[in-house]
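Throughout, read-outs are computed from the coordinates displayed, never taken from laboratory work. Only a predicted model underlies this, so the values are computations on that prediction, with no experimental measurement involved. Note that we place each Cβ from the backbone using ideal geometry, even for glycine, and neighbour counts take in every protein chain shown.
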Amino acid sequence: VSTTIDSTRFGRIEVAPDSAIVFPHGLAGLDSRTFTLIARAQDDAFVWLHSLEDPALALPLADPRRFFSGFALEPAPAEGAAIYVTVRASERIEEFTANLRAPLVIADGIGQQVINEAPDAELRAPLFAELAAAAAEQAA
Amino acid sequence: MLIITRRPGERIVLGDDIVVTVMEISGQTARIGIAAPRELPIYREEIWEAVKAENQAAAAVDADALPPVPPPANGTSK
């Protein structure tokens, strides 16, 4: 049996039942507890954490290590857990940010938003700063 | 709101598995120790508010708002 979501963003989506991710304590400021991860393209830099309860609720997530080479999570999560950070969009690419202070840790279908005690974990870290710097270096 | 007076070293027990200890009071600062199940989220209030704002901002992102990102260079971990 699979679940369908009539996503306001992506239209009808089939969700395999074993792909549900439960956040027992929810996410601060949001009303859902059951989500799934949606990748729109293979190897996309972003995935969407989509609510299975609210068709209009979805958050873009990024793998922090793809954008922040020095990323660290303290205390360290369990071995094998997936780590994502939420993404805040903007009209200007320089103003996209990721929340390194409160990453999402997902393992075995259970998710948790944790507080990162690493000293340089910014609440709004410029998402594309490293990529832009690398591109500028290549152009020079 | 329940208001309780405690001295340093004294504790408050919440339910079966949460114990709050007043560790130290120094001037305007109180150090609080909290023993609770590991999965229970505990936030300083101002951080909770900030995380809430970031979560809500992320939930407001449109499906087509994310720019394409070049694939990771060879040799970088996935």
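In what sequence do A:97, B:29, A:3 fall when counting other Cβ within 10 Å, fewest first?
Ascending Cβ contact count within 10 Å gives the list B:29, A:3, A:97.
Overall, the protein assembly as shown carries a charge dipole of about 360 debye about its Cα centre when +1 sits on the Cβ of Lys and Arg and -1 on the Cβ of Asp and Glu, all other atoms neutral.
How would you rank B:2, A:27, B:40, going from fewest to most other Cβ atoms within 10 Å of each one's own Cβ? Mind dumping the intermediate values first?
Working: B:2 4, A:27 27, B:40 11.
Ranked by crowding around the Cβ, least crowded first: B:2, B:40, A:27.
Each Lys or Arg adds one and each Asp or Glu takes one away; over the other residues whose Cβ falls under 13 Å from the Cβ of residue B:37, this sums to -2. The label-point distance for residue B:52 and residue A:56, in a model that sets each label 7 Å from Cα toward Cβ, rounds to 2.0 nm.
Computed from Cα atoms, the angle from the helix B:45-59 axis to the main principal axis of chain B rounds to 20 degrees. At q = 0.13 Å⁻¹ the log10 of I(q)/I(0) for chain A amounts to -0.60, computed by Debye summation with a single uniform scatterer per C-alpha, solvent ignored.
The angle between the Cα long axis of helix A:129-139 and the longest principal axis of the Cα atoms of chain A comes to about 50 degrees, rounded to the nearest 10.
Just rank A:54, A:43, A:120, fewest to most, by other beta-carbon atoms within 10 angstrom. Before the final figure, lay out each step's value.
Working: A:54 17, A:43 9, A:120 12.
The order, fewest Cβ neighbours first, is A:43, A:120, A:54.
Starting from the stretch A:31-140, pick out the trypsin sites (Lys or Arg not before Pro) whose DSSP state is loop and whose Cβ has at most 10 other Cβ atoms within 10 Å. Loop-located and lightly packed - A:92. Max-minus-min Cα coordinates of the stretch A:56-96 on each principal axis give 36, 28, 15 Å, with the largest extent listed first. Between the residues B:37, A:105, A:28, the greatest Cα displacement towards the positive end of the dipole of the protein assembly as shown, with unit charges on the Cβ of Lys, Arg, Asp and Glu, is found for B:37. Compared with the alpha-carbon gap, the fully stretched path from residue B:36 to residue B:69 is longer by 7.8 nm at 0.36 nm per residue. In chain B, helices alone account for a calculated mean residue ellipticity at 222 nm of -6500 deg cm²/dmol, with every DSSP H run of four or more residues adding -39,500 (n - 2.57).
Using only side-chain charges placed at the Cβ, +1 for Lys and Arg and -1 for Asp and Glu, the dipole size of chain B relative to its Cα centre rounds to 380 debye. The share of Cα pairs per 5 Å bin across the stretch B:1-72, counted from zero up to the longest distance, runs 3, 11, 14, 16, 14, 11, 8, 6, 6, 7, 4, 1 percent. Taking Cβ atoms as reference points and 12 Å as the exclusive limit, the residues near residue A:110 contribute a net charge of -1, counting Lys and Arg as +1 and Asp and Glu as -1.
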